[in-house]
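What follows draws every value from the coordinates through simple rules; no lab data is involved. Owing to the predicted nature of the structure, the values given are computational and were not obtained by experimental measurement. As a convention, Cβ positions derive from the backbone with ideal geometry for all residues, glycine included, and neighbour counts pool all protein chains shown.
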Amino acid sequence: MSELITGEQYALSAGPYQAVVTEAGAALRELTHEGRPLILSHGAGEPAPAAYGQLLIPWPNRVDRGRYSYGGATHQLDVSEPERDCAIHGLVRWAPWRAAVQEPGRVRLTYRLLGTAGYPFRLDLEAEYTLDASDGLHVRITARNAGTATAPYGHGAHPYLTTGEPIDACAVTLGADRYLPVDDRMIPSGPPLDVTGTKYDLRNAPVLSDRKIDNAYTVLRPPPTTNQSTSSARPADDRDGDGRAWVNLSGTTRTVRLWADEAHPWMEIYTADDAPDPREGLGVEPMTCPPNALASGEGLRHLEPGEEFTGTWGIQAAG
């Protein structure tokens, strides 16, 4: 481990998989399979650009003008995206997290989020990264309300999947029936819409080509019923027998897959048009709630004092 701008570097290894998690934000800085990258990475000596691999807690995406009401009071968050007058991606992605457990294939980091004027609640957070030689990366995020008042909560994550080639030539599969329209400030402009017949329909593995997408998807396909097969022949974009939804990014020679459990009914897809390396990776962001949830209340978790909430997601190579 080395002391760099992103703090301690926690290197994980299991079979063909290797990963690096940083003290800064408990972020996923690198993930490889047989030496080939599965996500866009950055140097340990630079802050994560475009939220590469960061955790988004206690809200994912944006809060309109950073303002929301909760528990009979109005709260004002710092506007961290001034060009759009929004608060973006939570409060912990630059914070120093502490390693509670460190093993060759696993690290668990913790952080205590204390109350601020814009978020006067106290959370104890855990992020556990585990590598499995056959199943790839598993990430478990847990939040416990350590305060005395009910706390509004949501989380997400921000990896950019890569097959090693530009995404324009890649096919993307996401079994989601609806997408969330947004305005020019990336705030939801209406209820979720049917993807059928639009550029947002990713259900049948279209090649991305020049599609520009930065939207949240929902109505992820439900788990199979008890009389349905859960074999490996089941479409990868369905939720599987464990309730996981899948996103596939398929290039010429290989596929990268991200899954998320039922704690994540939303999946943001971002074609990285404004990232430092435009369209070299696909932002695939499992989320527990949609953008602007602190203000709208949609999908928001209401954690009572002492209550915990956990969600898991992961990434693996295929082909």
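Sorting THR130, THR310, THR163, THR218 by the number of Cβ atoms found within 10 Å of their own Cβ, with the fewest placed first, yields THR310, THR218, THR130, THR163. Just want to confirm a number: the relative contact order over the chain, from Cα pairs under 8 angstrom separated by 6+ residues, in percent. In percent, rounded to a whole number, it is 19. Taking the charge dipole of the chain about its Cα centre, with +1 at Lys and Arg Cβ atoms and -1 at Asp and Glu Cβ atoms, the residue from GLY15, TYR70, PRO166 reaching farthest to the positive side is TYR70. Given Cα pairs under 8 Å that are at least 6 residues apart, what percent is the relative contact order of region 243-319? It comes to 35 percent, rounded to a whole number. For Cα extents along the principal axes in Å, computed directly from the structure shown, the correct entry in (1) 55, 39, 37; (2) 51, 47, 44; (3) 119, 41, 33 is (2). Distance from the C-alpha centroid of region 249-297 to that of region 29-44: 17 Å, rounded to the whole angstrom. Dipole magnitude for region 6-144: about 400 debye, using +1 per Lys or Arg Cβ and -1 per Asp or Glu Cβ, origin at the Cα centre.
Using the average count of surrounding beta-carbon atoms within 10 Å as a protection proxy, the listed peptides 117-129, 175-187 rank, highest first, as 117-129, 175-187. Dipole magnitude for the chain: computed about the Cα centre from +1 point charges on Lys and Arg Cβ and -1 point charges on Asp and Glu Cβ, it is near 340 debye. For region 238-287, the Kirkwood radius over C-alpha pairs fed into Stokes-Einstein at 10 °C and 1.306 mPa s yields D = 132 µm² per second. Ranking LEU131, GLY154, VAL219 by Cα position along the charge dipole of region 91-221, where only Lys, Arg, Asp and Glu carry charges on their C-beta atoms, puts GLY154 farthest toward the positive end. Only helical runs count toward this figure. For the chain, summing -39,500 (n - 2.57) over DSSP H runs of n ≥ 4 and dividing by all residues gives 0 deg cm²/dmol at 222 nm.
Only Cα sites of region 77-136 enter the Debye sum here, all with the same form factor; the resulting log10 I(q)/I(0) across q = 0.23, 0.29 1/Å is -0.95, -1.19, listed in q order. Diffusion coefficient of region 121-191 by Stokes-Einstein, Kirkwood radius over Cα pairs, 20 °C, 1.002 mPa s: 128 µm²/s. With Cα atoms defining each centre, region 90-138 and region 150-185 are spaced 21 Å apart in the structure. Sequentially through region 254-267, phi angles give Karplus couplings (6.51, -1.76, 1.60; θ = phi - 60°) of 8, 10, 10, 10, 10, 10, 8, 7, 6, 5, 10, x, 10, 9 Hz, Gly and Pro residues having no value and appearing as x.
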